[in-house]
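Down below is the structure, laid out as structure tokens.
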Amino acid sequence: MSDPVRIGILGDYDPRSPTLPAVEKSLRHASEMLNQPVEAEWISTPTVLEANAEKTLERFDGLCGAPGSPYKSFDGMLKGIEFARRRDWPFLGTCGGFQYALIECVRNVLGIKDADSAENNSGSKNIVIYPVACAVPSRAKGAPKLSGPIPEIRLRPGSYLQSFYSQNTVVEEFFCNFEVNPEFEWATMEAGFPVVARGPQGEIRAIESPTHRFYIATLFQPQLSSQPDKPHPLVLAFVQAAADWGRKKLDDQVLE
């Protein structure tokens, strides 16, 4: 059997969360389907600011930006995502991971240093992530404004994301109160991360990088619809990309 793929999960784990336990479960589903051992480890956001953090992140073959904003460390979450983008490590961000991936790009690629989420109440003039504009009327009592299965998520033809699904329209699970401010849609393309999924009204639901080995971020949470006998295609693709990168790193070490 092949060596385990090491996945670092950027976020602050809480077993009481209605969504966070699904992250590791979805990785196990993919592991079983691919017959590829996976070792997942949570990386709390404050630890990413420690002096040896980059060495810690290098130990992983892929990084997952988990839901759960606001995080214990805003800067720690951004730094972990920046590592994946700058060093070209396989990255999959979902929900809060998607939101902070956008903030990281706008701050560090476009140079808008006060880019922020309305959730943080920072008073910034550049709010990239703002409250969900149209709440789902059929959501469960007490659930976030955007929650449950949402149909008609349209995937961009020719994108990596669309190729993983092999279809143009999908149903995905959401669990969030914040989404992309449409006034900042220009920033995604300008930063090199085109929009590759949209909601029924054209809302931004996913971005990807065409130049990284694997860099995709989605407002929806693919882990919530993953099943033991039917792993989510996006999680499958992420684990496979991490496995490929892990093997390449080993090969490069041998050549050295």
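The values are calculated or read from the model by the stated rules, or taken from the named source; none is laboratory data. Everything quoted here is computed from the prediction, not taken from an experiment. When we count neighbours, we look across all protein chains shown, and the Cβ atoms used for this are built from the backbone with ideal geometry, even at glycine. The area values use the complete protein model at the heavy-atom level, side chains included, leaving out ligands, DNA and RNA. Shrake-Rupley method; radii C 1.70, N 1.55, O 1.52, S 1.80 Å.
May I ask you to verify whether Thr94 is over 23 Å from Asp244 (Cα atoms), of a type in the set (Ser, Thr, Tyr) and in contact with a strand residue (DSSP E or B) (Cβ under 9 Å, 6 or more places away or on another chain)? Against the criterion (over 23 Å from Asp244 (Cα atoms), of a type in the set (Ser, Thr, Tyr) and in contact with a strand residue (DSSP E or B) (Cβ under 9 Å, 6 or more places away or on another chain)), Thr94 does not qualify.
Taking the conditions exactly as written (exposed (fewer than 15 other Cβ atoms within 10 Å of the Cβ), at positive phi and in contact (Cβ under 8 Å) with a residue 24 or more places away in the chain), does Glu190 satisfy them or not? Judged against the criteria, Glu190 is not a match. Within the range 10-23, track down each residue that is open to solvent by 50 Å² or more (accessible area, probe 1.4 Å) and closer than 20 Å to Ala217 by Cβ. Matches in the range 10-23: Tyr13 only. If the condition is being free of Cβ contacts under 8 Å to residues at least 60 places away in the same chain, buried (at least 17 other Cβ atoms within 10 Å of the Cβ) and part of a helix (DSSP H, G or I), then the range 29-46 contributes only Thr45.
Residues in the range 203-256 that are free of Cβ contacts under 8 Å to residues at least 12 places away in the same chain and either among the small types (Gly, Ala, Ser) or open to solvent by less than 60 Å² (accessible area, probe 1.4 Å) (or both): Asp252 only. What is the residue count in the range 120-134 for residues that are open to solvent by 40 Å² or more (accessible area, probe 1.4 Å) and more than 17 Å from Ile204 (Cβ to Cβ)? Result for the range 120-134: 5. Within the range 149-187, how many residues are open to solvent by less than 20 Å² (accessible area, probe 1.4 Å), more than 17 Å from Ser225 (Cα to Cα) and in contact with an Asp or Glu (Cβ under 8 Å, 6 or more places away or on another chain)? The qualifying residues number 3. Assess whether Phe91 counts as being surrounded by 22 or more Cβ atoms within 10 Å (Cβ to Cβ), touching a Lys or Arg at 6+ places or on another chain (Cβ under 8 Å) and at negative phi. Considered against the rule, which asks whether it is surrounded by 22 or more Cβ atoms within 10 Å (Cβ to Cβ), touching a Lys or Arg at 6+ places or on another chain (Cβ under 8 Å) and at negative phi, Phe91 comes out as yes. Against the criterion of being of a type in the set (Asp, Glu) and within 21 Å of Ile9 (Cα to Cα), Glu173 qualifies. Could you check the range 103-133 and list, in sequence order, the residues that are assigned to a helix (DSSP H, G or I) and more than 16 Å from Ser69 (Cα to Cα)? Correct list: Cys105, Val106, Arg107, Asn108.
Just to be sure before I move on: is Ser2 in a loop (DSSP other than H, G, I, E, B) and under 24 Å from Trp245 (Cα atoms) in the structure I sent? When the stated conditions are applied, Ser2 passes them. Applying the set (1) under 23 Å from Val38 (Cα atoms); (2) open to solvent by less than 10 Å² (accessible area, probe 1.4 Å) to Gly199 leaves exactly one unmet item: (1). On the stretch given as the range 54-88, residues that are assigned to a loop (DSSP other than H, G, I, E, B) and open to solvent by 10 Å² or more (accessible area, probe 1.4 Å) total 9.
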